[in-house]
Amino acid sequence: EEKFRNLIENAPVGIALISQQGIIRDANAAVAGLFGFDSKEELSGKQIGDFYFRSDDRELFLQHLEEGTAFALETLMINRNGEQIWLMETAVKQDFPDGEKGYVSILEDINLRKENEEKIRAYQGNLEDLIRERTRDLEESNRQLTKLYKAIEFSPVSVVITDAAGNIEYVNPHFLEITGYNRTEAIGNNMRFIKSEDT
């Protein structure tokens with residue numbers, strides 16, 4: 001029994017024995033620390049329900065407990081100073097030696113994980129906003145390019161686009177009309193191919 005108690009007392013997570021009425025009968029130092037108490041003796045006899053931030057969470061906890069199977073819930077609680085703390089609460093029903101019924105509750109601090117999750121959500125939100133903004137910019141650019149393309153395609157003058165070496169990459173319909181070449185013949189050729197012997 002002494003070894004078992006030492007194991008519980010030095011556990012890195014909070015372990016508490018809680019009566020069916022929600023009274024904390026016993027707890028290790030980790031539980032006292034989680035709720036802002038200097039010792040487990042200060043915590044003993046307190047009503048666990050007083051530490052729940054939302055009464056709905058307590059009702060959900062009791063509902064799971066009534067089902068009789070071990071379970072774990074992420075629960076927002078408050079310490080003695082009124083500060084919010086996120087705990088992973090795992091519990092299983094337990095009959096105490098004096099015949100009273102209750103449960104063993106294991107409480108693990110998950111504040112850091114919750115903070116990281118919140119940062120990730122904020123980052124995702126910012127990223128989604130950035131993607132939406134970039135998408136709008138691209139859609140506007142595409143609209144402008146479409147207008148420009150139509151203007152060039154229906155231009156009454158010849159328009160030719162080449163690379164730096166003079167090889168044709170694009171010609172508009174007016175160019176094809178006045179030269180008599182088709183697009184396949186023009187694309188890839190050097191502009192020199194339309195030069196006459198007199199030019």
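Each part reduced to its alpha carbon centroid, the range 127-199 and the range 1-42 end up 77 Å apart.
Could you grab the relative contact order for the range 47-199? Cα pairs under 8 Å, six or more apart, rounded to a whole percent. Averaging sequence separation for qualifying contacts and normalising by length gives 11 percent for the range 47-199.
Sorted from longest to shortest, the spans of the Cα atoms of the range 22-62 along the three principal axes equal 28, 17, 12 Å. Computed with every protein chain present, the accessible area of ILE131 is close to 90 Å² [probe 1.4 Å]. The simple spin-label model puts a point 7 Å past each Cα toward its Cβ; for ALA151 and ASP129 those points are separated by 3.4 nm.
In loop segments of the range 129-199 as defined by DSSP, the GluC sites (Glu not before Pro) with at most 11 further C-beta atoms inside 10 Å of their C-beta are GLU197. Computing semi-axes √(5λ) of the Cα gyration tensor in Å for the structure here picks out one of [x] 38, 18, 14; [y] 27, 18, 15; [z] 80, 16, 15, namely [z]. Other residues whose C-beta falls under 12 angstrom from the C-beta of THR135 contribute a net charge of -3, scoring Lys and Arg +1 and Asp and Glu -1. Computed with a 1.4 Å probe over protein heavy atoms only, the accessible area of ILE168 comes to about 10 Å². When you filter the chymotrypsin sites (Phe, Trp or Tyr not before Pro) in the range 149-183 for DSSP loop state and at most 10 other Cβ atoms inside 10 Å of their Cβ, you are left with PHE154.
Taking loop as defined by DSSP and a crowding limit of 12 other beta carbons within 10 Å, which GluC sites (Glu not before Pro) in the range 1-49 fit?
Numbers: sites: GLU1, GLU2, GLU9, GLU41, GLU42; in loops: GLU1.
Those satisfying the criteria are GLU1.
Converting phi to 3J(HN,Hα) with the Karplus coefficients 6.51, -1.76 and 1.60 and the offset θ = phi - 60°, the range 110-126 yields 10, 4, 4, 4, 5, 4, 5, 4, 5, 5, 5, 4, 5, 5, 4, x, 5 Hz in sequence order, with x at every glycine or proline. For the chain, the dipole from Cβ point charges (+1 on Lys and Arg, -1 on Asp and Glu) about the Cα centre works out to 660 debye, to the nearest 20. Helical content of the chain, expressed as a calculated mean residue ellipticity at 222 nm, amounts to -13000 deg cm²/dmol (DSSP H runs of 4 or more residues, -39,500 (n - 2.57) each, divided by residue number, nearest 500).
Figure the gain on full extension for GLU74 and ASP95 (residue separation times 0.36 nm, minus the Cα-Cα span) and round it to one decimal in nm. Don't jump to the answer; show the numbers that get you there.
Working: separation 21, 0.36 × 21 = 7.56 nm, distance 2.44 nm.
Separation in residues times 0.36 nm, less the Cα-Cα distance, equals 5.1 nm.
Taking amide H as placed 1.01 Å from N in the peptide plane, the amide H of ILE110 sits under 5 Å from that of TRP86, LEU87, MET88, each at least 5 places away or on another chain.
The values are calculated or read from the model by the stated rules, or taken from the named source; none is laboratory data. Keep in mind that this is a model prediction, so the values were computed, not measured. With ideal geometry, Cβ positions are generated from the backbone for all residues, glycine too; neighbour counts draw on all protein chains shown. These accessible areas exclude ligands, DNA and RNA; they are computed on the full protein's heavy atoms, side chains included. Shrake-Rupley method; radii C 1.70, N 1.55, O 1.52, S 1.80 Å.
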